[in-house]
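All remarks here apply to the structure that follows.
We did not get these values from a lab; they are worked out from the coordinates using the rules stated. This one's a predicted model, so the numbers in the text were calculated from it and none came from an experiment. Don't worry about glycine lacking a Cβ; one is built from the backbone with ideal geometry, like all the others, and counts go over all protein chains shown.
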Amino acid sequence: MKVVTRFAPSPTGRLHVGNIRTGLHNWLWARKQGGRFILRIDDTDLERSREEFVAAIREDLAWLGLDADEEDRQSARFDRYEAALARLAEAGRVYPAYETAQELELRRKVLLGRGLPPVYDRAALALTDTERARLEAEGRKPHWRFKLDHGAPIAWHDLIRGPQQLDPALLSDPVVRREDGSWLYMLPSVVDDLEMGVTHVVRGEDHVTNTGLQIQMFEALCAAPPAFAHEALLVGSEGKLSKRLGSLGVEAMRDAGIEPIALLAKLARIGTALPVEPATSLEPLIEGFDFASFGRAPARFDLEELAALNARILHQLPFEAVADRLPDGMSADDWAAIRPNLRNVAAAADWWEILHGHVARPAAEEDRDFLAGAAEAAAGLDWREAPWPQLVAALKPERSGRALFHPLRLALTGRDSGPEMGVLLPLIGREEAVARLREAAGA
Ligand code: GLU
């Protein structure tokens, strides 16, 4: 059996870390199994779906490196859903219902008021042909409900949650098509999964009840349901699903200097029993992917932890992985020297500027003699050994503390603060360092 997974975002907004995690898990499972990964645009809701979000979803997946083998969209498949509805109607598994939203809401309230579950009472099933004709003559249009089979519990073995069971009698017959002919998500998703040969549906646990309903739809369409894996939801570090998480997407990550691989390494493992590792490629994430490692507790996402992971990964990233984002002229050796000190790639440009930009400016009057002396001391050092401690030792008798360090940093880097001088000085190099000190001294 060839594994086929799908990631099915609705283009009603940008992807956020929760969606990305679901997409990643589908991608990882398909890649691990040598299968196919489908991007399915769930745009049945024509009013809320927007083309700009479709484009953004593609861009975000491209940035993440999650390539799809196939792309489909639901809006191009309405005729398929129509055909499935006709089949279900023939089999007596869907029925027209005429209640208005207000009528349904009223019934719900009555049931809740009596302490009963607010399950649809199937009144529409009891309508006679004459009653139906009268309603239609009044101008009422039907919506369509899928008729659940109450005969036996719905059961499946969830790849993450284990054995699952739902009592269909406690569920309302789901509406699959609205009065205006538009489709709700439930049936189109089943038709697509079936016709696209999806073998594994991996999604958030907020879909568990939908799965119960959809399993019956697969069966009503004479198809075996796919395997299901429902993952625990992602929550913020403060403990509940935060608004912030819902808006944290690729853009925010990119702005924060997070590498795609860092985000993926994090999202592949949070909420699992496996450690989050500083992966520099997708291979180990594919290799290690395992539904059995997923926990049932909500997964906690913490931006600080991600930033720390990002730094660890950056310190190992090869030159080729970042070359197109480095300042012109920066070599693999330069990258290797600077890399251990970075928290994001953009900071490499600051370093480059410090190391190679024109930084010298005249120092304050009272520092000039001191810096002239420093230039001579620097010229006389053995630069093969750590030059900074030597320079400091050579100048210690004269000055100490801020009076010693501040003018040196300013003269050597043009800045008040920055990376450790012990790291910077060897990279600036003897010739340039001496020249900068002399220039600052006004020599
Ligand atoms: N469009 C649905 C959603 O975003 C897809 C759910 C599914 O994976 O079946 O929730």
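Is one or more of the residues making up the range 291-301 surrounded by 14 or more Cβ atoms within 10 Å (Cβ to Cβ) and part of a helix (DSSP H, G or I)?
Checked against the condition, which is being surrounded by 14 or more Cβ atoms within 10 Å (Cβ to Cβ) and part of a helix (DSSP H, G or I), the range 291-301 yields at least one hit.
So if I check each of Thr5, Thr100, Thr12, Thr22, which one is in contact with a His (Cβ under 8 Å, 6 or more places away or on another chain) and either over 29 Å from Glu179 (Cβ atoms) or surrounded by fewer than 19 Cβ atoms within 10 Å (Cβ to Cβ) (or both)?
Details: Thr100 fails: in contact with a His (Cβ under 8 Å, 6 or more places away or on another chain); Thr12 fails: in contact with a His (Cβ under 8 Å, 6 or more places away or on another chain); Thr22 fails: in contact with a His (Cβ under 8 Å, 6 or more places away or on another chain).
Among Thr5, Thr100, Thr12, Thr22, only Thr5 is in contact with a His (Cβ under 8 Å, 6 or more places away or on another chain) and either over 29 Å from Glu179 (Cβ atoms) or surrounded by fewer than 19 Cβ atoms within 10 Å (Cβ to Cβ) (or both).
Which residues, taken from the range 419-443, are within 18 Å of Ala337 (Cβ to Cβ), part of a loop (DSSP other than H, G, I, E, B) and either polar (S, T, N, Q) or in contact with a helix residue (DSSP H, G or I) (Cβ under 6 Å, 6 or more places away or on another chain) (or both)?
Pro419
Of all residues in the range 309-318, which are in contact with a Lys or Arg (Cβ under 9 Å, 6 or more places away or on another chain) and surrounded by fewer than 17 Cβ atoms within 10 Å (Cβ to Cβ)? Can you show your working first?
Let us first name the residues in the range 309-318 that are in contact with a Lys or Arg (Cβ under 9 Å, 6 or more places away or on another chain), namely 309-311, 314-317.
His315, Gln316 - these are the residues of the range 309-318 that are in contact with a Lys or Arg (Cβ under 9 Å, 6 or more places away or on another chain) and surrounded by fewer than 17 Cβ atoms within 10 Å (Cβ to Cβ).
Among the listed residues Ala83, Ala68, Ala55, Ala62, identify the single one that is within 15 Å of the ligand (Cβ to nearest atom) and either surrounded by fewer than 22 Cβ atoms within 10 Å (Cβ to Cβ) or of a type in the set (A, V, I, L, M, F, W, C) (or both).
Details: Ala83 fails: within 15 Å of the ligand (Cβ to nearest atom); Ala55 fails: within 15 Å of the ligand (Cβ to nearest atom); Ala62 fails: within 15 Å of the ligand (Cβ to nearest atom).
The match here is Ala68.
Taking the range 1-33 on its own, how many of its residues are assigned to a loop (DSSP other than H, G, I, E, B), more than 17 Å from Pro298 (Cα to Cα) and either within 10 Å of the ligand (Cβ to nearest atom) or not charged (D, E, K, R) (or both)?
Of all residues in the range 1-33, those assigned to a loop (DSSP other than H, G, I, E, B) come to 1-3, 8-16, 33.
If we keep only those that are more than 17 Å from Pro298 (Cα to Cα) as well, we get 1-3, 8-15, 33.
Imposing the further condition that a residue be either within 10 Å of the ligand (Cβ to nearest atom) or not charged (D, E, K, R) (or both) reduces the set to 1, 3, 8-13, 15, 33.
Total meeting the criteria: 10.
Please verify whether the range 162-174 includes one or more residues that are under 22 Å from Phe37 (Cα atoms) and either within 13 Å of the ligand (Cβ to nearest atom) or crowded, with 21+ Cβ neighbours inside 10 Å (or both).
Residues of the range 162-174 under 22 Å from Phe37 (Cα atoms): none.
Checked the range 162-174: no residue is under 22 Å from Phe37 (Cα atoms) and either within 13 Å of the ligand (Cβ to nearest atom) or crowded, with 21+ Cβ neighbours inside 10 Å (or both).
If Val434 meets every condition in (1) in contact with a Phe, Trp or Tyr (Cβ under 9 Å, 6 or more places away or on another chain); (2) more than 14 Å from Ala364 (Cα to Cα) apart from one, which number is that one?
Condition (1) is where Val434 drops out.
Going through Ala336, Ala346 one at a time, which residue ends up being in contact (Cβ under 8 Å) with a residue 60 or more places away in the chain, out of contact with any Phe, Trp or Tyr (no Cβ under 6 Å at 6 or more places or on another chain), of a type in the set (A, V, I, L, M) and surrounded by fewer than 16 Cβ atoms within 10 Å (Cβ to Cβ)? Even if it seems obvious, please write down each step before you answer.
Working: Ala336 fails: in contact (Cβ under 8 Å) with a residue 60 or more places away in the chain.
Going through Ala336, Ala346 in turn, just one is in contact (Cβ under 8 Å) with a residue 60 or more places away in the chain, out of contact with any Phe, Trp or Tyr (no Cβ under 6 Å at 6 or more places or on another chain), of a type in the set (A, V, I, L, M) and surrounded by fewer than 16 Cβ atoms within 10 Å (Cβ to Cβ): Ala346.
Based on what the data block shows, is Arg107 over 27 Å from Glu219 (Cβ atoms) and either in a loop (DSSP other than H, G, I, E, B) or touching a residue at least 12 places away in the same chain (Cβ under 8 Å) (or both)? Steps first, answer last, please.
Numbers: over 27 Å from Glu219 (Cβ atoms): yes; either in a loop (DSSP other than H, G, I, E, B) or touching a residue at least 12 places away in the same chain (Cβ under 8 Å) (or both): yes.
For Arg107, the condition - over 27 Å from Glu219 (Cβ atoms) and either in a loop (DSSP other than H, G, I, E, B) or touching a residue at least 12 places away in the same chain (Cβ under 8 Å) (or both) - is met.
Among the charged types (D, E, K, R) and within 27 Å of the chain's Cα centre (by Cα): which single residue out of Glu219, Glu195, Glu179, Glu238 fits that description?
Working: Glu219 fails: within 27 Å of the chain's Cα centre (by Cα); Glu195 fails: within 27 Å of the chain's Cα centre (by Cα); Glu179 fails: within 27 Å of the chain's Cα centre (by Cα).
Glu238 is the lone residue from the list that is among the charged types (D, E, K, R) and within 27 Å of the chain's Cα centre (by Cα).
Out of the residues in the range 179-229 that are touching a Ser or Thr at 6+ places or on another chain (Cβ under 7 Å) and in a strand (DSSP E or B), state the one that is nearest to Pro298 (Cα to Cα).
Among those residues, the one meeting the criterion is Gly204.
Which of the residues spanning the range 243-283 are in a helix (DSSP H, G or I) and over 23 Å from Ile57 (Cβ atoms)?
Quick first cut of the range 243-283, residues in a helix (DSSP H, G or I) only: 243-247, 250-255, 260-269, 283.
Matches in the range 243-283: Arg269, Glu283.
Hey, can you tell me all the residues within the range 31-52 that are surrounded by fewer than 21 Cβ atoms within 10 Å (Cβ to Cβ), of a type in the set (A, V, I, L, M, F, W, C) and under 23 Å from Asp290 (Cβ atoms)?
none
Would you mind telling me which numbered condition in (1) part of a loop (DSSP other than H, G, I, E, B); (2) under 30 Å from Lys147 (Cα atoms); (3) within 14 Å of the ligand (Cβ to nearest atom) Glu47 fails?
(3)
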